[in-house]
Each structure stands twice: as structure tokens, then as C-alpha cells.
Amino acid sequence: MTTTSTLPRRSPEEQSRLEAMLRDVFEHRLCFNELLGFKVESLDPTAPRISFAMRQELIGHFQHGRLHGGVIATVLDTVGGLAATVAIAEKFNGESTEQVSHRFGRIGTIDLRTDYLHQGIGRKFTATGRVSRLGGRIASVQMTLENETGQLIATGCASYVIS
């Protein structure tokens with residue numbers, strides 16, 4: 001049985017504060033994400049998205065100019081963590097930004113699988129995360145990475161400790 005918040009939903013102003021905080025954390029405060037150029041495209045609770053542009057520094061195979069596999073795994077893990085974070089914020093949608101942000105400090109990856117399906121060729125890449133289960137202690141997430149043409153580059157699944 002799923003429990004939902006009995007508090008009234010946070011105000012639109014408070015929701016905007018929360019979203020600004022999430023963007024700041026995932027784009028800047030997580031310094032590695034900033035180094036890789038990750039941008040939060042969407043905070044849609046059903047499918048948050050992160051995108052980034054291809055750059056010379058992200059090439060994993062110098063002869064073919066394709067995206068490094070570590071960057072692929074990193075963006076899948078990051079969007080999975082974002083999906084879990086957004087799901088928690090939605091579950092506790094009556095709480096303020098400060099209240100719900102305390103819940104985020106305990107999130108961590110406990111398992112990650114990446115399936116590389118096509119070469120990481122493209123100018124822009126978008127990763128999407130979808131929570132398949134949000135339990136009291138563990139979140140399970142499915143992730144995808146596509147290039148600007150919609151070609152599926154990689155998929156992933158991960159588990160995150162959330163308490």
C-alpha cells in the first residue's frame with residue numbers, strides 16, 4: 001500500500017524554489033556534473049531529463065569521436081538519481097524546499113547496470129529516468145540515453161538507497 005502526503009500540496013512559489021534548488025544541485029553543486037556540462041531539461045515527475053552537448057573532452061575513442069563509456073554510465077546514474085529525488089519530492093509534496101531537501105542527503109547509488117546499445121555518436125545527448133518503484137528505503141529506476149536523432153545509445157537500471 002502506498003502512502004501519500006496528508007499535507008496540502010506545496011504552493012507554486014515553493015515548487016519553483018524546489019525546482020531551482022534541484023537544478024542548482026544537479027547542474028552546479030555536483031561538480032562532476034558541471035564539468036561534464038549536464039543540464040536539467042525537465043523535472044517532470046514521470047520522466048525527468050538531463051542533456052549535454054558532445055565536446056572534444058568527452059571523446060572515448062579518438063579515431064571515431066564517440067562518447068566515452070564512462071560519461072554514458074555517469075549520465076545514466078545521474079538521471080537515475082534525479083528521478084529518485086524528484087519522486088521523493090513528489091511523494092512529500094506538502095513539505096517545503098528545506099524539509100524535502102533534508103531527505104536528499106541520504107540518496108546513494110547501490111547498484112547500476114549499463115547496457116551500451118549503439119556507438120555514442122551525436123552532437124547532443126538526452127538521458128531520461130523513470131522510477132519503477134519507490135519504496136521506503138530503496139528506489140528502482142530505469143534510464144535511457146538518446147542522441148539528438150532519437151537513436152537509443154544506452155539503457156540502464158539502478159537501485160538507490162533513499163533512507
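The values are calculated or read from the model by the stated rules, or taken from the named source; none is laboratory data. This one's a predicted model, so the numbers in the text were calculated from it and none came from an experiment. Cβ atoms come from the backbone with ideal geometry, glycine included; neighbour counts cover every protein chain shown.
For the stretch 115-127, the criterion of being at pLDDT 95 or above, of a type in the set (Gly, Ala, Ser) and not in a loop (DSSP other than H, G, I, E, B) is satisfied by at least one residue. The lone criterion from (1) crowded, with 16+ Cβ neighbours inside 10 Å; (2) touching a helix residue (DSSP H, G or I) at 6+ places or on another chain (Cβ under 9 Å); (3) at pLDDT 95 or above left unmet by Phe104 is number (3). Remark: pairs (first residue in the stretch 76-87, at pLDDT 95 or above; second residue among the basic types (Lys, Arg); Cβ separation under 8 Å; 6+ apart in sequence or on different chains) = Val79/Arg49; Ala83/Arg130.
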